[in-house]
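What follows is a single structure, written as C-alpha cells, with notes after it.
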Amino acid sequence: MPFYHFDLINSRTVADEGGAELPDDIVAMDSADALARRLLDTHPDLRNRHFAVLVTNDDGDEICRIPLDILH
C-alpha cells in the first residue's frame, strides 16, 4: 500500500500532521479533507490565513492541496 504524508502549510510547512498507508490517491484526498475539517473545528483561527493541508506521496509528489479557506 502507498504511504502518504499530510502537512499543514501556508507559505511553508507549519506542522507535520503525520502519514498513513492508504489504498490509493482518492482515499488520501478524502483523508486530507477530513483532516482539514478537524483542524478547523479545533483551530478556527486557521481560517482566512491561507493555510492548507498538503498531501504528498513517498516520492514527494503532490497528490492534493486542500485550502482551509474554502471549507464550509
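A quick yes/no check of all residues on (1) among the hydroxyl-bearing types (Ser, Thr, Tyr); (2) in contact (Cβ under 8 Å) with a residue 12 or more places away in the chain:
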| position | (1), (2) |
| --- | --- |
| Gly19 | no, yes |
| Leu22 | no, yes |
| Ala28 | no, yes |
| Leu40 | no, yes |
| Leu46 | no, yes |
| Ala52 | no, yes |
| Thr56 | yes, yes |
| Gly60 | no, no |
| Leu71 | no, yes |
When the residues of the range 45-72 are filtered to those that are outside any loop (DSSP other than H, G, I, E, B) and modelled with pLDDT under 95, which remaining residue is farthest from Met1 (Cα to Cα)?
-> Asp45
Is it true that some residue in the range 3-26 is out of contact with any strand residue (DSSP E or B) (no Cβ under 8 Å at 6 or more places or on another chain) and polar (S, T, N, Q)?
-> yes
Within the range 47-65, how many residues turn out to be surrounded by 15 or more Cβ atoms within 10 Å (Cβ to Cβ), within 17 Å of Ser11 (Cβ to Cβ) and touching a helix residue (DSSP H, G or I) at 6+ places or on another chain (Cβ under 7 Å)?
-> 3
Just checking, which of Asp25, Asp30 is within 10 Å of the chain's Cα centre (by Cα), charged (D, E, K, R) and within 14 Å of Cys64 (Cβ to Cβ)?
-> Asp30
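The values are calculated or read from the model by the stated rules, or taken from the named source; none is laboratory data. These numbers were taken from a predicted model, which means no experiment stands behind them. Note that we place each Cβ from the backbone using ideal geometry, even for glycine, and neighbour counts take in every protein chain shown.
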